[in-house]
Amino acid sequence: MLLQGKNAVIYGAGGSLGGAVARAFAAAGAQVFLSGLHEHNVRETAEGIIAAGGNASQAVVDALDKRAVDQHMESVVRQAGSVDISFNAIGWRDVQNMPLTEMEPDDFLRPLNVAMTTQFLTGTAAGRVMKQQQSGVILSLTATPGGIGYPMTGGFGPACCAVEGFSRNFASEMGQFGVRVVNIRSAGSPDSRPFMEAMAADQEMGTWFLNKLKDDTMLKALPAMEDIANVAVFLASPMAGKITGVTIDVTAGTTTGINYRIADIPLVSA
């Protein structure tokens, strides 16, 4: 029970990965305050946590609306007395699988605007509470393009880089108040909703794409949602108490070894 007695605010809790992290936090003992735009999805996550013996509440919150974010944070503080963990996993409304030269400016800029707006609003809302407490952990989530050039990702790749830069800079300001800020960089999870929907739509193409992603990793495997959630639990816990201002890479080695191969190199014997 690494998070026993902790209060965690999760944005995008109705999504597959946000829900997985919410369930992991609750299983580790945290009281989780779930939010998202779609009430049904958030309620489904909350009900699953409660059925498993966890402590969860839900709210509809637009994580791109400052007033909504601030009001929700105030509500959590009134109910729980503290905010120990903030995690943002909302979608960025990105368009991918298109060359940058053929992309409309709005489609390129949208994920950048969404990502930076929501990270700033939710991060600073938690930060103001945590400064008063002199403790807390603020977590964010990016993907492989944050660490390496990756084609056909449109504005999503630059958005990942921007979020990682924001996380580092925010950590440099918050450390003096005992607040840690850490980003998690994930590769695609085959059991996440987007990948499962892609497989359902075109199994042959989806299988090819997943195999390509696996082949780009050092481990020749992709992280499941549980892997990402376990890392989030660790980072939010006292066991990671001296980790801040960095991105923890959970891409199975993609960002340090894309297209990694053991080459057959002819050597001249002496």
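The values are calculated or read from the model by the stated rules, or taken from the named source; none is laboratory data. Everything numeric here is computed off the predicted structure, so don't read it as measured data. Cβ atoms come from the backbone with ideal geometry, glycine included; neighbour counts cover every protein chain shown. What goes into the accessible areas is simple: the full protein's heavy atoms, side chains included, and nothing from ligands, DNA or RNA. Shrake-Rupley method; radii C 1.70, N 1.55, O 1.52, S 1.80 Å.
The table that follows gives values for the structure above.
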| item | result |
| --- | --- |
| Residue within the range 13-27 that is over 19 Å from CYS160 (Cα atoms), in contact (Cβ under 8 Å) with a residue 12 or more places away in the chain and surrounded by fewer than 19 Cβ atoms within 10 Å (Cβ to Cβ) present | yes |
| Count of residues meeting criterion [touching a Ser or Thr at 6+ places or on another chain (Cβ under 7 Å) and at pLDDT below 95] in the range 87-105 | 1 |
| Criterion: over 21 Å from the mean Cα position of the chain (by Cα) and closer than 26 Å to GLN134 by Cα - qualifying residue of SER75, SER57, SER86 | SER75 |
| Scan of the range 46-70 for residues that are part of a loop (DSSP other than H, G, I, E, B), surrounded by 15 or more Cβ atoms within 10 Å (Cβ to Cβ), free of Cβ contacts under 8 Å to residues at least 40 places away in the same chain and small (Gly, Ala, Ser), ordered by number | GLY54 |
| Per-region count, the range 212-234, residues of a type in the set (A, V, I, L, M, F, W, C) and more than 18 Å from ILE10 (Cβ to Cβ) | 6 |
| Matching option when the condition is in contact with a His (Cβ under 7 Å, 6 or more places away or on another chain) and at negative phi, among ALA59, ALA68 | ALA59 |
| Residues of the range 214-245 classified as in contact with a Ser or Thr (Cβ under 8 Å, 6 or more places away or on another chain) and of a type in the set (A, V, I, L, M), total | 5 |
| Checking ARG23 against (1) in a strand (DSSP E or B); (2) closer than 24 Å to ALA115 by Cα, the condition it does not meet | (1) |
| Lone unmet requirement of (1) modelled with pLDDT of 95 or more; (2) in contact with a Lys or Arg (Cβ under 6 Å, 6 or more places away or on another chain); (3) assigned to a loop (DSSP other than H, G, I, E, B); (4) not β-branched (Val, Ile, Thr) for LYS242 | (2) |
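Quick grid of which residues meet (1) open to solvent by less than 50 Å² (accessible area, probe 1.4 Å); (2) in a helix (DSSP H, G or I):
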site: ALA126; (1), (2): yes, yes
site: GLN132; (1), (2): no, yes
site: GLY175; (1), (2): yes, yes
site: LEU219; (1), (2): no, no
